[in-house]
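Each remark here refers to the structure printed beneath this line.
The values are calculated or read from the model by the stated rules, or taken from the named source; none is laboratory data. All of these numbers come straight from a predicted model, not from anything done at the bench. As a convention, Cβ positions derive from the backbone with ideal geometry for all residues, glycine included, and neighbour counts pool all protein chains shown.
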Amino acid sequence: MRLLVVSHLLPNPAEPDRGRFVWDQVVALRELCEVRAVGPVPWFPLKLGPLRWARWYYVPRYERKEGIALSHPRYVTFPRRWAFSLVWAFYLKSLSAEASSPFDLVHAHVLYPDGMAAVALGRLLGRPVVVTAHGSDVNLYPYQRRLWRTLTVWTAERADRVVAVSTALKENLHALGARRARVVVVPDGVDGRKFFPMDKSSCARSLGLEPGRRKVLYVGSIEEGKGVGVLLEAFERLEGVELFLIGRKVEGYPSRPGVHFVGPVPHARVPLWMGASDLVVQPSFSEGFGMTLVEALSCGRPVVATESGGPKDIVGEEVGALVPPGDPEALADAIDHVLGNLGRYRPEELHAYVQGRFGLERVAERLFELYREVLHGSGVKGGPEGQLG
């Protein structure tokens, strides 16, 4: 089987840690089929200019990464999602230039613009298309503009399969209006060779942290939509605990005792921070999946998260706690309860729990089964929906 994976989320030299969960999936699929990847980047014609845009000029058109051919064609896009409803056409043009090499099936990540362009390409070339919905492409953008919603639903209903990374995301996609979409639930996968239990004290010392103090870790965008304000309010109710936040900090979050804004860190060092922590927290208002949670569990650390969509597929009492979004008191109580009962969460058992459900190799095998279904016509065009595995 010759698989073409398409996504602007794929990493590139300008953003080497971009969409690592998508790239890890591509690498795992390489063991099951012949894979080629296309990661389009914004077109910018000048060597000089705002760093946010000029960096794209230096991204190579082609590279070979971990033995996989990865191309970076350019597509036209604009700041602040201006003319966003037209971006799919520019994206399609960039994909068409990479479609000369033969392939059997396209797997695109993100419904719009990636998925819409992939569906159009598939129709032009007579190839089936699978599209993965990850979160904002269902939960956010379609509600910002009516036309964006129309394009999202059109894509979902015309793809041969839509992969939703959580049960909640599948339900939200149908609620959006894509009732004819053939949706299956296949989660993102975590690499157990990168995320595994390590000695807490050794990890803390490696990071220059005091080993004896209780540590709570947050990894993600530091913004209100991710519940960071609620987390900081909850933290004021806790004693004898330090909070570390990894991610790019936006304005409006002043420093306070016991709270450490670490800033962005390379993805390869995230397991070390998780290993140094007692608990990982995700206080989001909306999550398509919850990659940080499965990474933390694979590192043998319990988690506290909100009932914000994807986490409901991941977190049970045996691995941590779930609380309502936007409730600082409930969040503080859950953190305090888990920290007070750390002995019940055995790192090796947490690792086994998450690898059995969300292990990268297992997820790749489930996707490969789906590709074979689509290619052989099993259940396509009106066939059954459901969850793989």
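Cβ separations smaller than 6 Å between residues 6+ apart or across chains give the following pairs from region 257-271 residues that are more than 17 Å from Glu223 (Cβ to Cβ) to residues that are assigned to a strand (DSSP E or B) and modelled with pLDDT of 95 or more: Gly258/Glu242; His260/Phe244; Val265/Ile246.
Of Ala97, Ala89, Ala108, all but one fail to be buried (at least 21 other Cβ atoms within 10 Å of the Cβ) and either within 22 Å of the chain's Cα centre (by Cα) or over 21 Å from Glu373 (Cβ atoms) (or both); the exception is Ala108. Has region 308-328 got any residue that is under 24 Å from Phe235 (Cβ atoms), acidic (Asp, Glu) and under 17 Å from the mean Cα position of the chain (by Cα)? Checked region 308-328: no residue is under 24 Å from Phe235 (Cβ atoms), acidic (Asp, Glu) and under 17 Å from the mean Cα position of the chain (by Cα).
For region 309-324, taking the residues that are in contact (Cβ under 8 Å) with a residue 40 or more places away in the chain and either out of contact with any Leu (no Cβ under 9 Å at 6 or more places or on another chain) or surrounded by 22 or more Cβ atoms within 10 Å (Cβ to Cβ) (or both), the one that is nearest to Ala164 (Cα to Cα) is identified as Gly310. Within region 111-125, the set of residues being buried (at least 18 other Cβ atoms within 10 Å of the Cβ) and farther than 21 Å from Val26 by Cβ comprises Ala120 only.
Here Arg248 fulfils each of the conditions (1) closer than 29 Å to Ala168 by Cα; (2) buried (at least 17 other Cβ atoms within 10 Å of the Cβ); (3) in contact with a strand residue (DSSP E or B) (Cβ under 8 Å, 6 or more places away or on another chain) apart from (2).
Considering Glu223, Glu295, which residue is within 22 Å of the chain's Cα centre (by Cα), within 17 Å of Leu331 (Cβ to Cβ) and among the acidic types (Asp, Glu)?
On the way: Glu295 fails: within 17 Å of Leu331 (Cβ to Cβ).
Exactly one of Glu223, Glu295 is within 22 Å of the chain's Cα centre (by Cα), within 17 Å of Leu331 (Cβ to Cβ) and among the acidic types (Asp, Glu), namely Glu223.
Confirm whether Ala181 is small (Gly, Ala, Ser), more than 18 Å from the chain's Cα centre (by Cα) and farther than 17 Å from Trp88 by Cβ. In short, yes. Annotation note: Cβ proximity below 7 Å between a residue of region 336-355 that is surrounded by fewer than 16 Cβ atoms within 10 Å (Cβ to Cβ) and a residue that is at pLDDT 95 or above and of a type in the set (Asp, Glu) (sequence gap 6+ or interchain) occurs for Leu342/Asp278.
Would you check if Glu242 is without any contact (Cβ under 8 Å) to a residue 12 or more places away in the chain and outside any helix (DSSP H, G or I)? No; evaluated as a whole, the condition is false for this residue. Are any of the residues in region 287-305 among the charged types (D, E, K, R) and either surrounded by fewer than 18 Cβ atoms within 10 Å (Cβ to Cβ) or in contact with a His (Cβ under 9 Å, 6 or more places away or on another chain) (or both)? The answer is no, given that none of the residues of region 287-305 is among the charged types (D, E, K, R) and either surrounded by fewer than 18 Cβ atoms within 10 Å (Cβ to Cβ) or in contact with a His (Cβ under 9 Å, 6 or more places away or on another chain) (or both).
Taking each residue of region 57-75 that is within 17 Å of Leu4 (Cβ to Cβ) and looking for partners that are among the polar types (S, T, N, Q) with beta-carbon atoms closer than 6 Å, six or more apart or interchain, yields Tyr62/Ser71; His72/Asn12; Pro73/Ser94; Tyr75/Ser94. Taken over region 31-62, residues that are surrounded by fewer than 16 Cβ atoms within 10 Å (Cβ to Cβ) and either modelled with pLDDT of 95 or more or not in a helix (DSSP H, G or I) (or both) amount to 12.
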